[in-house]
Amino acid sequence: MKRVLTPMLRYQAWANQALLQALSTMEEGRAATGLAIMRHVLEVEAVFARRLAQAQPLPLPAETTGASDAGVSEVTTRLAALDSWFFEVLAGFDDGELGQPIAFTFLDGDRGFMTPAEILTHLVLHGGYHRGEAGRSMIAQAGQPPWDTFAVFLHEDEPGRRVQGASLHEVGVGTANARL
């Protein structure tokens with residue numbers, strides 16, 4: 001399970017930073033919708049970090065609430081801290097623990113549970129959905145969102161994947177040296 005979640009979390013951190021960097025190049029008024037969307041991503045990551053902290057008691061990053069007025073720089077810093085925290089949390093779980101349910105109450109008052117693996121997957125998917133939404137808002141305001149797909153990340157992170165005609169063994173896929 002960690003083998004799947006690790007590159008997904010690395011992608012999430014990379015994509016969050018890429019989008020926020022692109023937002024930082026826009027005029028404040030033109031970036032407002034995209035920034036509001038990324039504040040929401042930050043708030044949801046913080047909510048689920050507190051839920052994960054029930055099962056993996058690592059100290060949370062200092063600022064995990066109150067992002068409604070945060071500017072691009074603050075959202076960038078806070079999301080980077082949370083994304084880093086998720087790597088630490090993942091490292092602290094073994095595969096069995098990643099499948100153990102964590103009970104919590106949703107913000108609307110309904111009760112439920114998710115496993116740590118499900119929470120981390122939810123955060124990556126939720127972030128991707130909203131980064132796409134923020135990217136569309138950037139285009140509407142004459143901005144240029146980053147090309148931030150998972151495939152682009154993997155090939156940027158591991159340039160050997162671009163080697164055409166090489167065997168998988170030659171580029172390190174399926175070997176002990178593979179970074180996946």
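Readers should treat all values here as calculations from the given coordinates under stated rules, not as data from a laboratory. All figures in this text were calculated on a predicted structure; none of them were measured in a lab. Virtual Cβ from ideal backbone geometry, glycine too; neighbours counted across all protein chains shown.
Near GLY143: Cβ cut-off under 11 Å, other residues only, Lys/Arg at +1 and Asp/Glu at -1. The net charge is +1.
Each label was represented as a point 7 Å from its Cα along the Cα-to-Cβ direction; for ALA36 and GLN54 these points are 3.1 nm apart. Listed by Cβ neighbour count within 10 Å, with the fewest neighbours leading, MET26, MET38 appear as MET26, MET38. With R₀ fixed at 22 Å, the C-beta to C-beta distance from VAL4 to TYR129 puts the FRET efficiency at about 0.70. Placing +1 on each Lys and Arg Cβ and -1 on each Asp and Glu Cβ, with no other charges, gives region 2-147 a dipole about its Cα centre of roughly 260 debye. If I take R0 = 25 Å and measure r between the Cβ atoms of SER24 and HIS122 in this structure, what FRET efficiency does the formula 1/(1 + (r/R0)^6) give, to the nearest 0.05? Approximately 0.40, to the nearest 0.05.
Computed from label points 7 Å out along Cα-Cβ, the spacing between GLU158 and THR77 is 3.5 nm.
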